[in-house]
1. Could you please give the count of residues in region 126-156 that are of a type in the set (Val, Ile, Thr), at pLDDT below 80 and under 22 Å from LEU113 (Cβ atoms)?
2. I'd like the full set of residues that are over 30 Å from GLU126 (Cα atoms), modelled with pLDDT of 95 or more and among the hydroxyl-bearing types (Ser, Thr, Tyr), limited to region 71-113.
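The values are calculated or read from the model by the stated rules, or taken from the named source; none is laboratory data. Since the structure is predicted, the reported quantities are computational estimates derived from the model, not experimental observations. Ideal geometry is used to build each Cβ from the backbone, glycine not excepted, and the neighbour counts take in all protein chains shown.
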Amino acid sequence: MDLRVERLPGIRVLRRPEERLQALVQRAPEAEAWADRTKEKLRPAGEAVYGNRRRLATAGISVLAIWLFFHVVLGANGMVVYRQKRAEYQSLHQEIDSLQKENDRYTEHVKALQSDPKTIEKEAREQLHYTRPGEVVYVAPAPPPPQPAPSAAARK
């Protein structure tokens with residue numbers, strides 16, 4: 001079995017740095033000619049861009065301003081979202097205030113139940129239906145349960 005690799009015809013092997021430098025120097029005129037041809041091909045487009053630079057700059061700034069406007073107004077943290085969050089903040093702040101007032105009322109009621117004999121007596125009379133001798137307690141009957149609304153099939 002022979003495992004030797006023969007030289008491929010399209011691949012050149014450069015062994016010394018001098019040979020590499022020579023190859024580079026030999027190909028330099030081709031590279032310069034290609035660069036000149038490309039430069040000449042692109043010259044009309046470059047002149048058109050240079051001639052219209054003010055229009056292009058104005059268009060670019062306009063596009064940037066429009067994008068910035070939409071981003072500020074409608075973006076993830078834009079004015080629309082800001083106003084919604086501000087309204088939500090105000091409603092939550094009002095809810096917190098009302099709950100705090102309710103909590104303060106309950107705290108005062110608990111303190112009164114712990115220390116004030118008149119409040120204790122009032123609660124006992126209301127919840128446990130306690131009376132003093134000679135008093136009569138009137139209790140209103142419970143309201144009847146609400147009747148369900150007749151359905152469309154029952155009305156026919």
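1. Quick first cut of region 126-156, residues of a type in the set (Val, Ile, Thr) only: 131, 136-137, 139.
Those left that are additionally at pLDDT below 80: 137, 139.
Restricting the remaining residues to those that are under 22 Å from LEU113 (Cβ atoms) gives 137.
Number of matching residues: 1.
2. Listed by number, the residues that qualify are TYR89, SER91.
Table: residues versus (1) within 24 Å of the chain's Cα centre (by Cα); (2) not aromatic (Phe, Trp, Tyr).
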position	(1), (2)
PHE70	yes, no
LEU74	yes, yes
GLU88	yes, yes
LEU92	yes, yes
GLN100	no, yes
ASP104	no, yes
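Residue-by-condition table, conditions (1) hydrophobic (A, V, I, L, M, F, W, C); (2) at negative phi; (3) not in a helix (DSSP H, G or I):
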site	(1), (2), (3)
ALA59	yes, yes, no
ILE66	yes, yes, no
VAL73	yes, yes, no
ALA76	yes, yes, yes
VAL81	yes, yes, no
GLN90	no, yes, no
GLU95	no, yes, no
GLN114	no, yes, no
ILE120	yes, yes, no
